[in-house]
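Take a look at the structure below.
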Amino acid sequence: MSLSEKGREAGIKFSYKGSIIGIVLGIILAVICSHILPAIITPLVAFFLYDRPKYKEAVEKILAQRLLQKEQEEKALEEARLKEEKKVEKKIKAVQKKNRENKASLYENIYTVAGYILANQEDLTEYIQNAEDVITYFKASKEERRLAVEAFNYALDPEFNVDEFVENYLLYIGKNRDYINYVLTYALIIATVDDNIHYDAKERLVAIGKAMGSSMAALKRLFKSNGAEARFAREFEKQSQENLSESTSVSSFESDNSSSGTKKSKKSSSSSYNHTGAEKTSEALDILQLDVSATFDDIKKAYKKLMLKYHPDRLASQGLSEDMIAIYTDKAKAIQAAFDYLKKLYSEVI
């Protein structure tokens, strides 16, 4: 862009003050020297050494001011946009948190995922029994059960749009690590028969899990444990119910000094724990985030640390809703059951 174009853009008119003075001086010098040349040269020198630089300086100053003003306005608009985005994001997160605290929504998501990953299985008899065992374990209301059944059957339909489901899940639930792990764990349990999951169901679970926000590391841990936490939690629940029938006062979670129940339960459907021996011991240690080299002192320390973090009473004191506490309560039950199992095992060894 030329200087004259910049001047028009800046709205500044050219001043010939120096040139006029140069003309006057040139005429005087021409008279003194008796030569026309000073009258021509002096105005030109004044134009290029004074008028033009002054004009250029004024134009650039105005344009710089306008540019700065424009940048400030753009910055203010960007700050306002970011502020509005944060405001909207905060509202969305509040809605997502509320949705995560809704049990009916949780069961819908579990059974939708379960139905989707089992959609290609020919015989659903055993899977449906698993689904019934899980919803019974949840102590779901009649309406919650109805929604879960509808979600399961809807996801079995070949016309089920998994991309739309994932999109809605991320919009209304968001990426919450504990929530998605809970959903995938129980979907895995529903899809597992005799401790095995069909390769097609596993592939589908990995695909939908990743799309919903689970990491590959989390999915690997899930398949490695094969839902061990959930099985230990259900074993704890079953043992508590058996103990309740024998005692008029039973605590939901035993203290470190309490003894675990020794009554053997009858083997039932998927709601019971069918693993025994080294495999169950390994899973119990995994739940307490320990390995086979752990001593009983290590086990007690890990148990106390994890129960301090996940105990329902502590979570309730933090203001979590009852529905959301239910997710963490299963983890606390698993921790308690794993500890009780290991405590009994170590006492027998000693």
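The values are calculated or read from the model by the stated rules, or taken from the named source; none is laboratory data. Not measured: the values here are computed from a predicted model. Methodologically, a virtual Cβ is constructed for each residue, glycine included, from the backbone with ideal geometry; neighbour enumeration extends over all protein chains shown. Note: accessible area is taken over every heavy atom of the protein model, side chains too, but ligands, DNA and RNA are not part of it. Shrake-Rupley method; radii C 1.70, N 1.55, O 1.52, S 1.80 Å.
Just a few scattered comments:
- Any chance Glu159 is within 21 Å of Lys98 (Cα to Cα), exposed (fewer than 14 other Cβ atoms within 10 Å of the Cβ) and not aliphatic (A, V, I, L, M): no
- Search result, residues across the stretch 166-215 that are part of a helix (DSSP H, G or I), open to solvent by 60 Å² or more (accessible area, probe 1.4 Å) and over 30 Å from Val88 (Cα atoms): Tyr199, Lys202, Glu203
- Subset of the stretch 117-137 (residues that are open to solvent by less than 40 Å² (accessible area, probe 1.4 Å) and part of a helix (DSSP H, G or I)): Ile117, Tyr127, Asn130, Ala131, Asp133, Val134, Ile135, Tyr137
- Conditions (1) surrounded by 13 or more Cβ atoms within 10 Å (Cβ to Cβ); (2) in contact (Cβ under 8 Å) with a residue 60 or more places away in the chain; number of the one not met by Arg145: (2)
- Taking every residue in the stretch 84-108 that is more than 17 Å from Phe165 (Cβ to Cβ) and of a type in the set (Ser, Thr, Tyr) and pairing it with any residue that is open to solvent by 80 Å² or more (accessible area, probe 1.4 Å) and part of a helix (DSSP H, G or I), at least 6 positions away or on another chain, yields no pair with a Cβ-Cβ distance below 9 Å.
- Residue within the stretch 55-62 that is within 30 Å of Ile180 (Cβ to Cβ), open to solvent by less than 80 Å² (accessible area, probe 1.4 Å), touching a residue at least 24 places away in the same chain (Cβ under 8 Å) and out of contact with any strand residue (DSSP E or B) (no Cβ under 9 Å at 6 or more places or on another chain) present: no
- Which listed residue, of Glu74, Glu108, is farther than 30 Å from Leu188 by Cβ and either charged (D, E, K, R) or open to solvent by less than 50 Å² (accessible area, probe 1.4 Å) (or both): Glu74
- Residues of the stretch 88-105 classified as open to solvent by 40 Å² or more (accessible area, probe 1.4 Å) and modelled with pLDDT of 90 or more, total: 0
- Number of residues in the stretch 283-315 that are part of a helix (DSSP H, G or I), open to solvent by 40 Å² or more (accessible area, probe 1.4 Å) and modelled with pLDDT of 85 or more equals 9.
- With respect to the conditions (1) open to solvent by 60 Å² or more (accessible area, probe 1.4 Å); (2) on the phi < 0 side of the Ramachandran plot, Ser34 falls short on a single one, namely (2).
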